[in-house]
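Enquirer: Once you've had a glance at the structure underneath, I'll fire off some questions.
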Ligand SMILES: [Zn+2]
């Protein structure tokens, strides 16, 4: 995939179809997330709903729990970085901008906001009143829209 890419749909009918398809995919992801979370809860609580201490888990239980945790986090990250929602604001019904350095999709509004923030950062740096490199890197990654 190219470094920068914008997907804009102007036709209202197509926008509606796109948004509904995104909601189906997000809902499927949420359903999977819930299943994994519920499996994790089975490790955390006994049949009487008492919390089980991590110290009481067997190494095998701990391994299974960590695998579920990894799966849950991966599922969540895949959904957040997909074109189905903006990585920053989470809106699912916007035209999207792909930002390769972050391997994620951002709505055009958030991408433009990040891009405009870069101009403000440069002005502040010129006056020696700004030194947050990670913020600057993030903003700079949106330079070509
Ligand atoms: Zn956004």
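Enquirer: Quick one: is residue 124 in contact with a strand residue (DSSP E or B) (Cβ under 8 Å, 6 or more places away or on another chain) and either on the phi < 0 side of the Ramachandran plot or within 13 Å of the ligand (Cβ to nearest atom) (or both)?
Expert: In short, no.
Enquirer: Sticking with this structure for a sec: So, residue 95, is that one more than 16 Å from the ligand (Cβ to nearest atom) and either farther than 30 Å from residue 12 by Cβ or in contact with a strand residue (DSSP E or B) (Cβ under 9 Å, 6 or more places away or on another chain) (or both) or not?
Expert: No.
Enquirer: If a residue counts only when it is more than 13 Å from the chain's Cα centre (by Cα), loosely packed, with under 11 Cβ neighbours inside 10 Å and touching a residue at least 24 places away in the same chain (Cβ under 8 Å), which helices (runs of 4 or more DSSP H) contained entirely in segment 46-145 have at least 1 such residues?
Expert: Helices (runs of 4 or more DSSP H) meeting the threshold: none at all.
Enquirer: Now for a different question. Under the condition of being within 17 Å of residue 107 (Cβ to Cβ) and touching a residue at least 60 places away in the same chain (Cβ under 8 Å), which residue from segment 3-14 is surrounded by the most Cβ atoms within 10 Å (Cβ to Cβ)?
Expert: 4
Enquirer: Moving on to the next point. Among 106, 65, 142, which is touching a strand residue (DSSP E or B) at 6+ places or on another chain (Cβ under 9 Å) and either away from the ligand (no atom under 16 Å from the Cβ) or under 25 Å from residue 28 (Cβ atoms) (or both)?
Expert: 106
Enquirer: So which residues in segment 31-45 are more than 30 Å from residue 138 (Cβ to Cβ) and part of a helix (DSSP H, G or I), if there are any at all?
Expert: Selection gives 31, 34, 35, 38, 39, 40, 41, 42, 43, 44.
Here, each number is a calculation from the coordinates, and none is a lab measurement. Here the structure is a predicted model, which means the values were calculated and not measured. All Cβ positions, even for glycine, are placed from backbone atoms using ideal geometry, and neighbour counts span all protein chains on display.
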